[in-house]
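Scroll down for the structure; my scribbles are underneath it.
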Amino acid sequence: MKRLSVWVAIMVLAAGAAAATAEGPTLRTVMRQLGADLHALVDAIMVGDYEAAARAAGAIADHAHVGAGERARIQKILGPDMKTFKALDTRVHDTAVALRKAARERDTEAVVQRFGELVHGCTECHSGMRDRLRGATR
Ligand code: HEC
């Protein structure tokens, strides 16, 4: 009997862990990580560390995605503007991919240009969408 209850406890824990993974991070958690990655990118560019710059750009390009529940909440708030939200996210992704390539090629000029585009992409979504979504996704 004791053994059985241990198993039940393990299964319940495992199910809980699986649910948490399927749920995924909140938008705010994803954004905090993007902020940290952007810091790392600036540091790498400033010291001329191309490998670190490529890694940071790659982390931005391949950032984690929000879970299904969070996604549904965002969709509900934004309605038809969800398309714009996705397009802005895609643009940041594509710019980060281009930046990673430029860093791998040690092309400082291109790195700096892409960096400007990247920050522009972040702030464009923030000025248009942040107030609508802030707090609502926590
Ligand atoms: C498609 C839209 C979109 C893009 C693109 C975007 N963000 Fe955000 N970001 C948001 C929204 C919405 C919030 C507010 C989330 C909240 O407060 O729940 C946010 C919040 C943040 C925050 C504040 C998190 C906190 O602790 O309150 C940081 C930092 C951040 N973003 C960094 C970035 C960086 C860096 C990029 C570009 C590499 C970026 N974001 C691109 C939509 C976006």
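The values are calculated or read from the model by the stated rules, or taken from the named source; none is laboratory data. Every value quoted in this text rests on a predicted model; they were computed, and no experiment measured them. Cβ sites come from the backbone with ideal geometry, for glycine too, and all protein chains shown count toward neighbours.
Couple of notes before you dig in:
- When residues of the range 119-130 are limited to those that are more than 6 Å from the ligand (Cβ to nearest atom) and modelled with pLDDT of 90 or more, the one surrounded by the fewest Cβ atoms within 10 Å (Cβ to Cβ): Ser127
- From Ala110, Ala102, Ala68, residue being of a type outside the set (Lys, Arg), farther than 23 Å from Ala36 by Cβ, surrounded by 14 or more Cβ atoms within 10 Å (Cβ to Cβ) and more than 9 Å from the ligand (Cβ to nearest atom): Ala110
- Evaluation of Arg32 against the conditions (1) at pLDDT 95 or above; (2) charged (D, E, K, R); (3) more than 9 Å from the ligand (Cβ to nearest atom) shows that the sole unmet condition is (3).
- Filtered residues of the range 103-118 (kept if part of a helix (DSSP H, G or I) and either at pLDDT below 95 or over 15 Å from Ala52 (Cβ atoms) (or both)): Glu109, Ala110, Val112, Gln113, Arg114, Gly116, Glu117, Leu118
- Test for Gly69: is it in contact (Cβ under 8 Å) with a residue 40 or more places away in the chain, out of contact with any strand residue (DSSP E or B) (no Cβ under 6 Å at 6 or more places or on another chain) and closer than 27 Å to Asp131 by Cβ: yes
- Selection of the range 73-120 for residues being within 19 Å of the chain's Cα centre (by Cα) and small (Gly, Ala, Ser) yields Ala87, Ala96, Ala98, Gly116.
- In the range 1-27, the residues that are basic (Lys, Arg) and either in contact with a helix residue (DSSP H, G or I) (Cβ under 7 Å, 6 or more places away or on another chain) or modelled with pLDDT of 95 or more (or both): none
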